[in-house]
Amino acid sequence: MLMFIGVLLIIIVQLMNLQLFSSKYKLAADDQGIFRKVVYPDRGIVYDRKGRSILQNTTIFDLMVIPSKIKGTDTAALCNILGIDTAEFRKRMENIVFKFKSQRPSIFEALLSNEKMAKLTENMRKFAPAYYLQERSVRDYPYDAAGNILGYLSEVDSSILKNPKYTGYVMGDYIGKTGLEKTYENVMLGQRGIEFWKRDKVGKLTERLEKGRFDTMAVAGQNMHSSIDIELQMLGEKLMANKLGSIVAIDPKTGGILCMVSSPTFKPKLLTGAERKKHIAELLLDPALPLLNRTVGATYSPGSTFKTLQALVGLHEGVIDTRFRVSCSGAFYGCGTGKPMKCLDRGTFDLRSAITISDNTYFATVMQRVINNPKYPNIDSSLDVWNRYMQAFGLGHRLGVDVPSEKRGLIPSTAFYDKAYGKGKWNYCSFRSVSIGQGEVDVTPIQVANEMAYIANKGWYKIPHLVDSIEGGDKFDMLSAFKEKHSTIDIPDSVFEAVHDGMQGVVDRGTGIAAKIAGINICGKTGTVENYYRGVKQPNHAFFAGFAPREDPKIAIMCVVENSGRFGGTYAAPIVGFMIEKYLKDSITDKARLARVEQLSNLNLIPSRIYVEMKRQDSLRHSKDSAYLISKGYIKVIKDTIGMDEGNDEELDELKKGKDDPKNPQPKKDSNDNKIKINTEAILPEQKKKPETKDSVNR
C-alpha cells in the first residue's frame, strides 16, 4: 500500500510539473502545431516628377528550410524540381547549418522562378514541415530604365550584420546596395510583421491562430516623389547607347535632377528575380563598367566649358572688363615662345566673342591676370582666391547629391603645387593649361551641370538632388539640405549677362550650333578634352553644357561623350539639343530630327580598348579562370571604382563556381599574371594626375 501511494504521489507531482511548470512539451507541441511566419513589408514606391511609378513592388517567393526537420523528406524530388544535384544540396545545407544553425528557418533558394514555384506548390506536402514557401515583396521597374539612379537590392549576410549601422537586420533581409535604394534605405525599408498559423499533422498551414489575435502587421516603407522625368531619362539613355559618357540635367530653380544618364547602363530588371546573381557577376566583369555611375563617380578635365567660370572670375576681380580684347596669332605666348599654347582661331576677340569662338589665348590671358593680380601680395594668395571662387561655383568638393559614391573632383591649390614642384618653384606658366579646363582640374558631370545652374541663376544654386518629397514626412531629415540656396560670392547680374551673351552666341552662330532649337534661346559652351589611357593619348572627349531658355531657365544640362574623337559640337551638342527640346516642348515631332535621334542612337563610339579588354576577359572565362580574376583582386578594384561596399559578395557566386568545379581544372598561371589589373585613366575617379604643362588645342 505504501509503495502504491508513493508511486501515485510521484505521478501526481510529475503531472503538475508538466502541466503547470515545465514548458518543454508545450514548446514541442507549439512547434508541431503552430507556425511563426515573417511578413516582409513592401518597400517604398518611387514616382517621377509627373507622378508615374518608376520603382514599385511585385510578389515572389523564397523556398525556406529548417534543417533539423529534413529527415524523411523526399530530397531527390526536391533536387529534381530545383535543378540541382545531391552534392549541391549537401553544400547548401552545410552552409546554412554553419551560418544559421539547424533550428532556424533559412533561405534554401531565393527568388523562385514561376516554373519552379508552380512545381513546388504542387508537391509541397512531400517537403513539409522542413520546407515552406515564404512570400516576399521584390522590386519591379515599369520602365526598365534609370538603373544607375534607382540601384538594386542585395541579400543581407553576416558581414553586413557585423556593422553597427545595420542593427535590426536579420539573415534573409534585403538591403539597398546602390542608388536611391541605398541612400534612402531607412525611408523605404518599412517594418516586418509576424503571423501565427496553425498546422495540420502533415505540416500544412490551415488557419490563423485565434483569428490573428497575436499577429503583428507589416508596415510598408514610405513612398518618395522624385524630380526625375522618366521619359527624358529614357531618351537620354537611347541617345547614349553604344557610347561611354553621361548626361545630367537639373532644374536650376529647385536643384531637382531631371535626368541622370550614365552610359553604358543596365536594365534594372536584370538585377531582380532568379537570375540576379548571374547578371550582377556579368556586369561586374564588363570592362565598360556599367555599374559605375559616371554622373557622380567619374572625373574629367572639363575642357572649354571651364572658360565661362574663368570669365566670371576675371570680370569680378576687375582684371578685365567686357571690352577687354586679346589678339591671337595662332598661340598664347604669355609664357614665352618655347612652348606656345595653340589656338584654332586667329583674330582679336572681346569677352563675348572669345566665349562664342572658344579662344584659348583669351582665357589664358584672363587667368594669368587673375594669378598675377598686383592687389595680392604673392602668387600663393592669388591662387587661393581663385580656388575659393571655384569652390563657390560648386567645384573641388562633393555637392552632397543623394546617390552614393560621389567624387569631389580636383581644383588645384597652393598646397597642391607646393607638393608637386616644391615651395616657391612654380608660377602661372606651370599650370597655364588649367585656364582652358585641362591640366590639374577635374570635375564630375554633376558638378558641370550644377555649374550651368549657377550661371543660369546668376550666382546661386541648390544642391542637386533626386528626391523632392517623402510621403508621411521627412522623418530622418534627409531633404532639408536641398532647400538651401548656396550663394557665397556677390557677383553683379551685369557680369552674368555678359557671359550669357557669349554663351548664346555659341549656340546661335558658334561651336555649339548643333544644339540650336527654333524658338528657344539656348546658352551653351562646347569643350574638347584631351585624355590618356596608360600613358597613351586617346581620342578626345566631347563636352557640351548649357541652359535654356535664357530668359527664364528651366533646364541646366551637360553631356560628355568619352573618346568620341571629335569636337564638343559634333556629338555632345546635338544630344543636349534633343534633350532640351524634349523637356521644354514635351516631344520631338519633326521627322528629320527624329531620324537624327535614331542616327545618334545607333552611332557606336565605344573605344577600341574596351573591346580589347572584353576579348581578354572572354578568353579567361572560357578557360574557366574566373576565380583567377577574383584572386588577383580584379573584382575588388572594380567594386572600389564603382563605390560598392565591401563585405557582401553574393554577386560573385557565379564566378566562384568555376573554381570549385572539379570538372574545370584551372589553367597554369603564366609569367605575365601579375600584369592583370584595371587602369582606366580617362574615366575613373582615383587616378592621380601629374601637373600638366603640355600644350593643348581646346574648343
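The values are calculated or read from the model by the stated rules, or taken from the named source; none is laboratory data. Note that the structure is a prediction, hence the values are computed from the model and not measured. As a convention, Cβ positions derive from the backbone with ideal geometry for all residues, glycine included, and neighbour counts pool all protein chains shown. The protein model used for the area step is the full one, side chains on, heavy atoms only, and it has no ligands, DNA or RNA in it. Shrake-Rupley method; radii C 1.70, N 1.55, O 1.52, S 1.80 Å.
Filtering the stretch 501-528 to residues that are part of a strand (DSSP E or B) and within 12 Å of Pro574 (Cβ to Cβ) leaves Ile517, Gly524, Thr526. Against the numbered list (1) modelled with pLDDT of 95 or more; (2) farther than 30 Å from Glu181 by Cα; (3) within 37 Å of the chain's Cα centre (by Cα), Ile357 comes up short only at (1).
Taken over the stretch 176-193, the residue count meeting the criterion of being open to solvent by 10 Å² or more (accessible area, probe 1.4 Å) and part of a helix (DSSP H, G or I) is 4.
Among all positions in the stretch 254-277, there is no residue which is at pLDDT below 85, farther than 21 Å from Arg136 by Cβ and of a type in the set (Asp, Glu). A single member of Leu594, Leu584 is at pLDDT 90 or above, assigned to a helix (DSSP H, G or I), under 30 Å from Asn457 (Cα atoms) and open to solvent by 10 Å² or more (accessible area, probe 1.4 Å), and it is Leu584. Residues in the stretch 447-496 that are under 26 Å from Gly437 (Cα atoms) and of a type in the set (Asp, Glu): Glu451, Asp490, Asp493.
Looking only at the stretch 472-500, residues that are assigned to a helix (DSSP H, G or I) and open to solvent by less than 50 Å² (accessible area, probe 1.4 Å) come to 7 in all. Report the residue count in the stretch 564-578 for those that are part of a loop (DSSP other than H, G, I, E, B) and modelled with pLDDT of 95 or more. Residues meeting the conditions: 1. Please pick out the residue among Lys50, Lys69 that is among the charged types (D, E, K, R) and surrounded by fewer than 15 Cβ atoms within 10 Å (Cβ to Cβ). None of the others qualify; the one that does is Lys50.
Val248 falls short on exactly one of the conditions (1) at pLDDT 95 or above; (2) surrounded by fewer than 21 Cβ atoms within 10 Å (Cβ to Cβ); (3) over 18 Å from Ala288 (Cα atoms), and that condition is (2).
Which ones in the stretch 145-159 are more than 15 Å from the chain's Cα centre (by Cα) and open to solvent by 20 Å² or more (accessible area, probe 1.4 Å)? Of everything in the stretch 145-159, those that are more than 15 Å from the chain's Cα centre (by Cα) and open to solvent by 20 Å² or more (accessible area, probe 1.4 Å) turn out to be Glu155, Asp157, Ser158, Ser159.
The residue pairs whose first member lies in the stretch 324-336 and is charged (D, E, K, R), whose second member is in a strand (DSSP E or B) and surrounded by fewer than 18 Cβ atoms within 10 Å (Cβ to Cβ), and whose beta carbons are closer than 9 Å, counting only pairs six or more residues apart or on different chains, are Arg325/Thr348. Only residues that are of a type in the set (Gly, Ala, Ser), surrounded by fewer than 18 Cβ atoms within 10 Å (Cβ to Cβ) and outside any strand (DSSP E or B): list them for the stretch 335-365, please. If the condition is that a residue be of a type in the set (Gly, Ala, Ser), surrounded by fewer than 18 Cβ atoms within 10 Å (Cβ to Cβ) and outside any strand (DSSP E or B), then Gly338 is the only one that fits.
The set of residues in the stretch 285-334 that are out of contact with any Gly (no Cβ under 7 Å at 6 or more places or on another chain), open to solvent by less than 10 Å² (accessible area, probe 1.4 Å) and β-branched (Val, Ile, Thr) comprises Thr295, Val296, Thr308, Val313.
Across the stretch 536-558, what is the total count of residues that are open to solvent by 10 Å² or more (accessible area, probe 1.4 Å) and free of Cβ contacts under 8 Å to residues at least 40 places away in the same chain? Break it down stepwise before answering.
Just the residues of the stretch 536-558 that are open to solvent by 10 Å² or more (accessible area, probe 1.4 Å), to begin with: 536-540, 549-554.
After this cut, where a residue has to be free of Cβ contacts under 8 Å to residues at least 40 places away in the same chain as well, the list is 536-537, 540, 549, 551-552.
So the count comes out to 6.
Hey, any hits in the stretch 395-407 for a residue that's in contact with a strand residue (DSSP E or B) (Cβ under 7 Å, 6 or more places away or on another chain), under 25 Å from Arg294 (Cα atoms) and open to solvent by 30 Å² or more (accessible area, probe 1.4 Å)? Checked the stretch 395-407: no residue is in contact with a strand residue (DSSP E or B) (Cβ under 7 Å, 6 or more places away or on another chain), under 25 Å from Arg294 (Cα atoms) and open to solvent by 30 Å² or more (accessible area, probe 1.4 Å). Apart from one condition, Glu551 fits all of (1) in contact with a Phe, Trp or Tyr (Cβ under 9 Å, 6 or more places away or on another chain); (2) at negative phi; the exception is (1). Within the stretch 436-471, can you find the residues that are part of a helix (DSSP H, G or I) and at pLDDT 95 or above? Selection gives Pro445, Ile446, Gln447, Val448, Ala449, Asn450, Glu451, Met452, Ala453, Tyr454, Ile455, Ala456.
Going by the structure shown, is Gln233 open to solvent by less than 30 Å² (accessible area, probe 1.4 Å), in contact with a strand residue (DSSP E or B) (Cβ under 7 Å, 6 or more places away or on another chain) and under 30 Å from Ile610 (Cα atoms)?
Yes: the conditions hold for Gln233.
Filtered by the rule that a residue be touching a strand residue (DSSP E or B) at 6+ places or on another chain (Cβ under 9 Å) and either within 18 Å of Arg596 (Cβ to Cβ) or open to solvent by less than 10 Å² (accessible area, probe 1.4 Å) (or both), the stretch 517-530 gives Ile517, Ile520, Ile522, Cys523, Gly524, Lys525, Thr526, Gly527, Thr528, Val529.
Can you list the helices (runs of 4 or more DSSP H) found entirely within the stretch 212-325 that contain at least 3 residues being closer than 23 Å to Ile463 by Cβ?
Fully inside the stretch 212-325 and qualifying: 230-239, 294-297, 307-317.
Against the criterion of being open to solvent by 50 Å² or more (accessible area, probe 1.4 Å), in a helix (DSSP H, G or I) and modelled with pLDDT of 85 or more, Glu122 qualifies.
Among the candidates Tyr421, Tyr417, the residue that is touching a residue at least 40 places away in the same chain (Cβ under 8 Å) and surrounded by fewer than 17 Cβ atoms within 10 Å (Cβ to Cβ) is uniquely Tyr421.
Might you check whether a residue that is more than 24 Å from Glu181 (Cβ to Cβ) and aromatic (Phe, Trp, Tyr) occurs anywhere in the stretch 445-457? Checked against the condition, which is being more than 24 Å from Glu181 (Cβ to Cβ) and aromatic (Phe, Trp, Tyr), the stretch 445-457 yields at least one hit.
Lys26 falls short on exactly one of the conditions (1) modelled with pLDDT of 80 or more; (2) part of a helix (DSSP H, G or I); (3) of a type in the set (Lys, Arg); (4) more than 40 Å from the chain's Cα centre (by Cα), and that condition is (1).
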